[in-house]
Amino acid sequence: MTSLLEGILRRRADFGESFKDPESARRFIRSATLWMIALGAFYGFTMGAYNLFRTGTLLNAVTSMVKVPILLLATMTLCFPALYVFGLAGGATLRASSLWAALTGALLVTTIALVALSPIVFFFLATIDSYQAVQYMHVMVWAFSGLPSLKFLRRTLHILDPVLMSNRRL
């Protein structure tokens, strides 16, 4: 299964093409969602580890393990209808399953980047005493991790619907 994680980073065009087939999109969504939950939970533990270094208690780390995957899935679920409807209004010819697969892939890319940055985050959590500085660091890590996912989403949408992506307003 690690081929999915490496493949989404190396062969973005292959994924975009496969999303055109509803069955391939469904298979990808299932696998990618499981990976997104697992990797999101890992980074959630990382986010909550600040208190672990200070007091030795695991409560914040464990609750963050649960909260991060829920945040990712809830965000995608809440934003999907508006994105789909406005896309159709803008001339998109995408299938709903293709768009959902593209969004799932983009969030998977985000979680991969979050996990890749987690050793740096652990180092700072162990050395920073300011909780406010830790919060700012997490905001920056999330923002930085979102950049490759936006690139993935834009390229995938271009493959799925070049007419929509040629619209200058997007």
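Placing dummy labels 7 Å off each Cα toward the beta-carbon, the span from A116 to F80 is 2.6 nm.
When only the Cβ of Lys, Arg, Asp and Glu is charged (+1, +1, -1, -1), the dipole of the chain relative to its Cα centre reaches about 320 debye. Specify the longest stretch of the chain that does not include any exposed loop site, a site being one of the trypsin sites (Lys or Arg not before Pro) with a non-H, G, I, E, B DSSP assignment and at most 16 other Cβ atoms within 10 Å. Longest stretch, sites excluded: 21-167. Under the simplified labelling scheme, the F53-R154 pair shows an inter-label distance of 3.3 nm, with each label point 7 Å from Cα along Cα→Cβ.
How do S18, S64 rank by accessible surface area computed with a 1.4 Å probe, from largest to smallest?
Heavy-atom accessible area, descending, gives S18, S64.
Taking every DSSP helix (H) stretch of at least 4 residues in the chain, weighting each as -39,500 (n - 2.57) and dividing the sum by the residue count yields a mean residue ellipticity at 222 nm of -30000 deg cm²/dmol.
Could you tell me which residue out of T33, L99, M47 lies farthest along the dipole of the chain toward its positive end? Charges go on the beta carbon: Lys and Arg +1, Asp and Glu -1, centred on the Cα centre. So the residue furthest toward the plus end is L99.
Panel note: the C-alpha atoms of the chain, placed on their principal axes, show extents of 54, 34, 26 Å (largest first). Cα centroids of segment 1-42 and segment 65-140: how far apart, whole angstrom? With segment 1-42 and segment 65-140 each reduced to a Cα centre, they are spaced 15 Å. FRET efficiency for the pair V62 and L88, taken as 1/(1 + (r/R0)^6) with r the Cβ-Cβ distance and R0 = 41 Å, rounds to 0.50.
Multiplying the residue separation of D14 and F124 by 0.36 nm and subtracting their alpha-carbon distance yields 35.9 nm.
The values are calculated or read from the model by the stated rules, or taken from the named source; none is laboratory data. Note that the structure is a prediction, hence the values are computed from the model and not measured. Don't worry about glycine lacking a Cβ; one is built from the backbone with ideal geometry, like all the others, and counts go over all protein chains shown. Accessible surface areas use protein heavy atoms only, side chains included; no ligands, DNA or RNA. Shrake-Rupley method; radii C 1.70, N 1.55, O 1.52, S 1.80 Å.
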